[in-house]
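Engineer: Handing you a structure now.
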Amino acid sequence: MTTGAPTPTRPARPRRSRLRTVLPLAVAAWLVLEIWLLTVVAGAAGGLTVFLLLIAGLVLGSVVIKRAGRRAFQNLNEALQGGTPPSQGAGGGNGLMMLGGLLLMMPGLVSDALGLLLLVPPVQKALSRYAERTFERTLRTARPGSLGGAFQQARIYRPDGKVVQGEVIRDERDETRGDRPEEPRPPLNR
């Protein structure tokens, strides 16, 4: 028996971004490479040597992260005590040092090599310049309103799974009066 109501159709699934497709595969390949390399080195040099390498990476990584964090906090304190806002370059590569320390702490020889590479100052400078240029290029090519429009839109999720898009519109009489409305506002939680 039919009721005359249309049968619900499933909305088309949004296209997966390239990053969401490639990232899990890249992480899996990274793990397989790390495990394979650990077994090769353990077979050649012995399991105790690999264990000591992993412990040394953990200790060195924690020392590097502690030192970089202390330096970043000290730079921030000096900038704030001097009455100047912390500048962009106040970090002095501390973020890359922390990333290098984190990579050293991760178990694996490839991550240790990348972590040690990030501790070299010329590599830090080159990577920070590259990241800055990429960030500036992305900001220049961004469409105007692409991010702001996302913040101004509100999405209401209905129980049946449909998405209704809308925009937030402020009440003009509140802005022209300059004071608060006389009627009480409803409570935020229900």
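The values are calculated or read from the model by the stated rules, or taken from the named source; none is laboratory data. Predicted model only: the values in this text are computed from it and were never measured. Quick reminder, even Gly has a Cβ in these numbers, built from the backbone with ideal geometry, and neighbours come from all protein chains shown.
Engineer: List the pairs whose first member sits in the range 5-23 and is of a type in the set (Gly, Ala, Ser), whose second member is part of a loop (DSSP other than H, G, I, E, B) and modelled with pLDDT of 65 or more, and whose Cβ atoms are under 8 Å apart, counting only residues at least 6 apart or on separate chains?
Structural biologist: Partner pairs satisfying both residue conditions: none exist.
Engineer: Looking at residue 23, is it within 16 Å of residue 109 (Cα to Cα) and modelled with pLDDT under 95? Step through it out loud before you land on a result.
Structural biologist: Working: within 16 Å of residue 109 (Cα to Cα): no; modelled with pLDDT under 95: yes.
Taking the combined requirement at face value, the residue does not satisfy it.
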